[in-house]
Amino acid sequence: MNAIEVTNVKKEYPEFTMDNVSLTLPSGMILGLIGENGAGKTTLIKAMLGMIPIDGGTVSVLGCTTPHQNKKIMEDIGVVMDESGLPPYLNILQIGTMMKEIFHNWDTETFQSLVKKLKIPENTKVAELSRGNQMKAGIICALSHNPKLLILDEATSGLDPVIRDEVLDLLLDFTREEDHSILLSSHIVSDLEKVCDYIVFLHEGRVLLSEEKDLLKEAYGIMHCTREQLEQLDDSAIIGKRTNAYGAEVVVKKDAVPADTELSPVDLEELFVRMVKEG
């Protein structure tokens, strides 16, 4: 069973349209959702969770088309949005006590262990925590009720590089269980590159690209060439380019350039930026 199936989802606002977006997250995998601010990442996640109605298409989460109406399914989903959503007047220990009464599968031992591991100040109210500690608190709560699916919207933003790395390790540990899956939305592309199995590029409410991460790296490369060599390239081979007085740096499809062409690896951020700028 796929953890998430989104098919031709459409959502219209006066100044923004999500246009026939489709993606699939296989069970046991991590899918990275990449997009600039305003690309539609949060809108898509809210549509998956039933937080907003959609104008077309279908959504299935853990095999359920109406997860927000199914208490058991919602208990199997751990959610962290770009704001933690935790009560601002409680400290982290009080939140743990509250969550124990909400979730049947709440694991107090896991919760307390993560609070110490991620160094959340235990007696400080959420409202007085830094943004980074608020996000860590949200992640801890999401992991502590034994979900099968994590949906994380910009959950690593506001964290310093060391803590981000610890959080990413937690996510990798989570998916060691074959029925555990993660949808991770972020503009920190290097985080997604470290942990994701699948990548979706979202731009202006449309999917630009959806593919396995390893296949993406195999399919594209960077060619360093002169302007004359650039002019000889077939347009269909070019994903994006940057030119200067000395030549050009071109992101290309490997199968559309001569086999003996010398290419450098391309990272996901460069690929995404070049695709967006090329239009």
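The values are calculated or read from the model by the stated rules, or taken from the named source; none is laboratory data. Worth saying up front: this structure is predicted, and the values here are computed from it rather than measured. All Cβ positions, glycine included, derive from the backbone under ideal geometry; neighbour counts span all protein chains shown.
On the given criteria, is Leu209 assigned by TED's automatic domain parsing to the domain that holds Val61, modelled with pLDDT of 90 or more and out of contact with any Lys or Arg (no Cβ under 6 Å at 6 or more places or on another chain)? It is false that Leu209 is assigned by TED's automatic domain parsing to the domain that holds Val61, modelled with pLDDT of 90 or more and out of contact with any Lys or Arg (no Cβ under 6 Å at 6 or more places or on another chain).
Residue by residue, here is whether (1) under 22 Å from Phe201 (Cβ atoms); (2) out of contact with any strand residue (DSSP E or B) (no Cβ under 6 Å at 6 or more places or on another chain); (3) of a type in the set (S, T, N, Q) holds:
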| site | (1), (2), (3) |
| --- | --- |
| Ser22 | yes, no, yes |
| Leu33 | yes, no, no |
| Asp107 | no, yes, no |
| Ser113 | no, yes, yes |
| Gly132 | no, yes, no |
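Filtering the stretch 139-162 for residues that are modelled with pLDDT of 90 or more, under 23 Å from Leu33 (Cα atoms) and either among the acidic types (Asp, Glu) or outside the structural domain of Ile182 (by TED's automatic domain parsing) (or both) leaves a non-empty set. Only residues that are in a helix (DSSP H, G or I), of a type in the set (Ser, Thr, Tyr) and surrounded by 13 or more Cβ atoms within 10 Å (Cβ to Cβ) were counted across the stretch 102-131, and they come to 2. Of the residues in the stretch 149-163, at least one is closer than 30 Å to Tyr89 by Cβ and in contact with a Phe, Trp or Tyr (Cβ under 9 Å, 6 or more places away or on another chain). For the condition in a strand (DSSP E or B) and on the phi < 0 side of the Ramachandran plot, Leu230 does not qualify. Is at least one residue of the stretch 252-267 modelled with pLDDT of 90 or more, buried (at least 17 other Cβ atoms within 10 Å of the Cβ) and part of a strand (DSSP E or B)? Yes, the stretch 252-267 contains at least one residue that is modelled with pLDDT of 90 or more, buried (at least 17 other Cβ atoms within 10 Å of the Cβ) and part of a strand (DSSP E or B). Against the conditions (1) at pLDDT 90 or above; (2) loosely packed, with under 15 Cβ neighbours inside 10 Å; (3) within 26 Å of Lys46 (Cα to Cα), Glu218 satisfies every one except (3). Contact annotation: residue pairs with Cβ atoms under 8 Å, 6 or more positions apart or on different chains, pairing a residue in the stretch 83-94 that is farther than 10 Å from Gln134 by Cα and at pLDDT 95 or above with a partner that is assigned to a loop (DSSP other than H, G, I, E, B) and of a type outside the set (A, V, I, L, M), are Asn91/Pro121; Asn91/Glu122; Asn91/Asn123; Asn91/Thr124; Leu93/Glu122; Leu93/Asn123. Every test in (1) in a helix (DSSP H, G or I); (2) assigned by TED's automatic domain parsing to the domain that holds Leu33; (3) of a type outside the set (A, V, I, L, M) is passed by Ser236 save one, and that test is (2).
Per-residue answers, yes or no, for (1) assigned to a strand (DSSP E or B); (2) in the same structural domain as His187 (by TED's automatic domain parsing); (3) without any contact (Cβ under 8 Å) to a residue 40 or more places away in the chain; (4) buried (at least 16 other Cβ atoms within 10 Å of the Cβ):
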{"site": "Leu25", "(1), (2), (3), (4)": "yes, yes, no, yes"}
{"site": "Leu33", "(1), (2), (3), (4)": "yes, yes, no, yes"}
{"site": "Ala39", "(1), (2), (3), (4)": "no, yes, no, yes"}
{"site": "Gly50", "(1), (2), (3), (4)": "no, yes, yes, yes"}
{"site": "Val59", "(1), (2), (3), (4)": "yes, yes, no, yes"}
{"site": "Gly78", "(1), (2), (3), (4)": "yes, yes, no, yes"}
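None of Leu159, Leu184 is crowded, with 19+ Cβ neighbours inside 10 Å, in contact (Cβ under 8 Å) with a residue 24 or more places away in the chain and under 20 Å from Gly28 (Cβ atoms) except Leu184.
Matching residues to (1) farther than 22 Å from Pro87 by Cβ; (2) in a strand (DSSP E or B):
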| site | (1), (2) |
| --- | --- |
| Ala142 | no, no |
| Ile151 | no, yes |
| Gly158 | no, no |
| Val162 | yes, no |
| Leu171 | yes, no |
| Glu178 | yes, no |
| Leu184 | yes, yes |
| Ser190 | yes, no |
